[in-house]
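Below: one structure in structure tokens.
The values are calculated or read from the model by the stated rules, or taken from the named source; none is laboratory data. Computed from a prediction, not measured in an experiment: that's the story for all the values here. Cβ placement follows ideal geometry from the backbone for every residue including glycine, while neighbour counts extend to all protein chains displayed. Quick note on the areas: whole protein, heavy atoms, side chains included, nothing else; ligands and nucleic acids left out. Shrake-Rupley method; radii C 1.70, N 1.55, O 1.52, S 1.80 Å.
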Amino acid sequence: ELIDSYVFNQVENIRFNSTVGKYVGYTELGLKNAETWNKGSVLAQELGELERVCKRNADIHYSAVL
């Protein structure tokens, strides 16, 4: 699971969660940005990172934990 949070002044404004598969906003500004980011290329970049880094290395990290 990939979670990418954007925090300002100790308040989480927006978060990408790979389980949900999109950005979720938690403040007024975060809701506005999440809507914009989910429609644009930002979401595609985040999903690319999920494929490139997380899924590719999941087996390595999982076996190290066990």
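Taking only DSSP H segments of four or more residues, each worth -39500 (n - 2.57), what value at 222 nm results for the chain once the sum is divided by all its residues, to the nearest 500 deg cm²/dmol?
-14000 deg cm²/dmol
Here's a follow-up. Share of segment 3-65's accessible area from carbon and sulfur, percent, 1.4 Å?
Roughly 55 percent, rounded to a whole number.
Within segment 1-58, report the GluC sites (Glu not before Pro) that DSSP leaves as loop and that have at most 10 other Cβ atoms within 10 Å.
Details: sites: E1, E12, E28, E35, E46, E49, E51; in loops: E1.
Qualifying residues, ordered by number: E1.
Let me ask something else about it. Could you order L47, L29 so the one with the most accessible surface comes first? Probe is 1.4 Å.
L29, L47
Here's a follow-up. Kindly give Rg over Rh for the chain, based on alpha-carbon atoms, with the Kirkwood expression for the hydrodynamic radius.
Result: Rg/Rh = 1.06.
Pulled fully out, how much extra length does the chain show between Q45 and V7, if you take 0.36 nm times their separation in residues and subtract their Cα-Cα distance?
Result: 11.7 nm gained on full extension.
While we're here: By how many degrees, 0 to 90 and rounded to 10, does the Cα axis of helix 56-65 deviate from the longest principal axis of the chain?
Approximately 70 degrees, to the nearest 10.
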